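Contents: one structure, followed by commentary.
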Amino acid sequence: MTVDINQFIGSWVQPNPINKKGLQGFKLKKDGTAESINLATLKYRNWWYESGELNLVVESIGNKISFTDTVKYEVTKITDKELEFKNGQIIERYEKQ
């Protein structure tokens, strides 16, 4: 799959599984930084795309424990409006705001 890196830049959201009226997701910025959208305990910090994978640096905050990790997602689809990737066996789908 050929990917234009600029397609990733922007805000990507999906329905919140706890509150179907709410949205959650992340914002990917041109400078490689990232921000969470409506996620209080998961903070996105940085991102990059390499070898078919979207890499997200996340900080998990909760239950008096905090840790930072880099998570790699296999990108299966990206358009100007849709982003789809595999998280293990789970397919995650996002729409661009």
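Would you list, by chain and number, the lysines whose Cα falls below 18 Å from the Cα of Lys96, excluding same-chain residues fewer than 8 positions away? Here the lysines satisfying the reach criterion relative to Lys96 are Lys20, Lys21, Lys27, Lys29, Lys30, Lys77, Lys81, Lys86. Scaled to the globular estimate 2.2 N^0.38 Å, the Cα spread of the chain, given as radius of gyration, is 1.04. Please identify the longest segment of the chain free of exposed trypsin sites (Lys or Arg not before Pro), where exposed means a DSSP state other than H, G, I, E or B and no more than 16 other Cβ atoms within 10 Å. In the chain, the maximal stretch lacking such sites is 31-63. Across the chain, the mean sequence separation of Cα contacts (distance under 8 Å, 6 or more residues apart), normalised by length, yields a relative contact order of 21 percent.
Taken together, the values in this text are just the output of simple stated rules run on the coordinates, not laboratory data. Computed from a predicted structure; not experimentally measured. Quick reminder, even Gly has a Cβ in these numbers, built from the backbone with ideal geometry, and neighbours come from all protein chains shown.
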